[in-house]
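Chemist: So that we are looking at the same thing, I have put the structure below in structure tokens.
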Amino acid sequence: NTSERSAYISIINEKYSITKTIDIVQEAYVPKIELASEAIEVEFESDTYTVEVSSPYSWKAESDNDWIIVESKTGIAGVENLEFRVARNEEEKVRKGTIRVYNSTHNLSAELYVTQKAFEPIITIEPKTLNFSVEGGVQEVVVTSNFKYKVSTNADWVSYTKTESGITVTIPIYEEDGERVAEITISSEKYVASEVIKVIQNGLSKESATKRFFYTSSNGKIVTPYKTDVFGASIVSNTYEN
């Protein structure tokens, strides 16, 4: 009953005309919707969660944020689960929302407070250092990241292309004395997260560097003998005398 009720019990001794009375008051029944949890903290990744709902009547559920998607929009009287899904949090800050479970006819409601953790950018690279010989070559770098990343380098002699697993780095022949060093940076435009790949290429020895020959055409362009398309002809060999 939704109204308070009262009664009494009388204990009587007729012989001596003695009476004692016990007053009994019973509180009114107050129907309400109860949730197994009033607050829940969820991870930044997208996932599905359930919370038990106890209600004397059927109920509806709604969210105040579009990143909280309520799967169980209605429930029946008794004990039933409220199911909801959260979208991935792309921001580096905590966000909060509320799910309201209610019955409008009986003016009943309960709220579930949802707190989602901030996004944690993660990026790893393997290997972190690339070593190349004088001849240059191609090497692969595996990049693992939970966000979209960009690639940049501080040297014009370093070429790279993005692949499904990371990047492919291409280095040309280096015909100078000593080694040269460059960096490739993997970073995000949105988050404060980055990794650096160190690129090291060996150069010619001092002895080799002082014994190099250069061909120059009449228009001042340098000819590279190891290429096969110089002047549109195939160069098959070079002989140095004296």
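Chemist: Return the FRET efficiency for the residue pair D66, E92: r is the Cβ-Cβ distance, R0 is 22 Å, and the value is rounded to the nearest 0.05.
Modeler: That pair, D66 with E92, gives E of 0.65.
Chemist: If DNA, RNA and ligands are ignored and the probe is 1.4 Å, what is the ranking of Y8, Y191, Y160, Y49 by accessible area, most exposed first?
Modeler: Working: Y8 155, Y191 20, Y160 75, Y49 40 Å².
Result, largest first: Y8, Y160, Y49, Y191.
Chemist: Another question, then. Projected onto the charge dipole of region 18-177 (+1 at Lys/Arg Cβ, -1 at Asp/Glu Cβ, origin at the Cα centre), which of Y149, Y102, I68 gives the Cα projection farthest towards the positive end?
Modeler: Farthest towards the positive pole: Y102.
Chemist: Something else now. For region 108-161, which trypsin sites (Lys or Arg not before Pro) are in a loop by DSSP, counting at most 12 other Cβ atoms within 10 Å?
Modeler: On the way: sites: K117, K128, K148, K150; in loops: K117, K128, K148.
For trypsin sites (Lys or Arg not before Pro) across region 108-161 that sit outside H, G, I, E and B with at most 12 neighbouring Cβ atoms in 10 Å, the list reads K128, K148.
Chemist: List the residues whose amide H sits under 5 Å from the amide H of Y160, counting only those 5 or more places along or on another chain, with H placed 1.01 Å from N in the peptide plane.
Modeler: Close amide H contacts, sequence-distant or interchain: T170.
Chemist: Say each of E34 and E111 gets a label point 7 Å from the Cα, pointing the same way as Cα to Cβ; how far apart are those two points in nm?
Modeler: 2.1
Chemist: How far is it, in nm, from the label point at Q26 to the one at N154 when both lie 7 Å from their Cα along the line to the Cβ?
Modeler: Between Q26 and N154, the simple spin-label model gives 8.3 nm.
Chemist: Follow-up. Between T50 and S194, how high is the FRET efficiency from 1/(1 + (r/R0)^6) when r is the Cβ-Cβ distance and R₀ = 51 Å? Nearest 0.05.
Modeler: Working: r = 38 Å, r/R0 = 0.75.
The computed FRET efficiency comes out at 0.85.
Chemist: Using a 1.4 Å probe and counting only protein heavy atoms, arrange D23, D64 so the residue with the most accessible area comes first. Kindly include the intermediate steps, with their values, before the conclusion.
Modeler: Values: D23 120, D64 95 Å².
Heavy-atom accessible area, descending, gives D23, D64.
Chemist: At q = 0.15 Å⁻¹, what is the log10 ratio I(q)/I(0) for region 114-205, with the Debye formula run over Cα points and no solvent?
Modeler: -0.59
Chemist: Follow-up. Dividing the alpha-carbon radius of gyration of region 33-76 by 2.2 N^0.38 Å (N being the number of residues), what value is obtained?
Modeler: Values: Rg = 11.5 Å, N = 44, 2.2 N^0.38 = 9.3 Å.
Expressed relative to 2.2 N^0.38 Å, the Cα Rg reads 1.24.
Chemist: Does a label point 7 Å from the Cα of S58, set along Cα-to-beta-carbon, have any residues of region 91-106 with amide nitrogen under 17 Å, and which are they?
Modeler: It comes to 101-106, nothing else.
The values are calculated or read from the model by the stated rules, or taken from the named source; none is laboratory data. As the structure is a prediction and not an experimental result, all values here were calculated from the model. All Cβ positions, glycine included, derive from the backbone under ideal geometry; neighbour counts span all protein chains shown. Note: areas computed on protein heavy atoms with side chains; ligands, DNA, RNA excluded. Shrake-Rupley method; radii C 1.70, N 1.55, O 1.52, S 1.80 Å.
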